[in-house]
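S.K.: Below is the structure I would like to discuss, written out as structure tokens.
We did not get these values from a lab; they are worked out from the coordinates using the rules stated. Note that the structure is a prediction, hence the values are computed from the model and not measured. Neighbour counts are summed over all protein chains in view; Cβ atoms, including those assigned to glycine, are modelled from backbone coordinates with ideal geometry.
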Amino acid sequence: MSDNKPCKCSLYNKFTSTDGAATEYLASIIIMVYAEIQRGAEHMDSTDTLQNCPRCNGLMLQGVSRNALSRHFDVFICPNCGMDEAIRVFKGDVLPAASWSIVSEISKNLTIKLCNSSSNIENP
């Protein structure tokens, strides 16, 4: 995107579309993949490499299983986000998956790479 033209990548268009269902679906896939990575790290002997909360990017307690388990995805989040989720569930105000820190970071990095690649071809 160095030439300041709009990106024609289908993934970029999905994340920036006004279709909330498509955005939430892609966001939930990112979170589920992150959960698999977390489960793999939980069984490692060394200290955890996943130190940031996927929901807020804040610090998590060492050892992922010492943190809160999200009520919406099978993924560990920091204790503060666990408390926030509990309050939001009580109020009926669930935070959309697309608002999670891990989703915005991955989608930003992925779309930048896709849009800057030489194989940036618009899908028919």
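S.K.: Under a crude label model (7 Å from the Cα following the beta-carbon direction), how far is R88 from Q51 in nanometres?
M.R.: It is 2.5 nm.
S.K.: With 10 angstrom as the radius, rank R55, R88, R71 by how many other C-beta atoms surround their C-beta, starting from the fewest.
M.R.: R71, R88, R55
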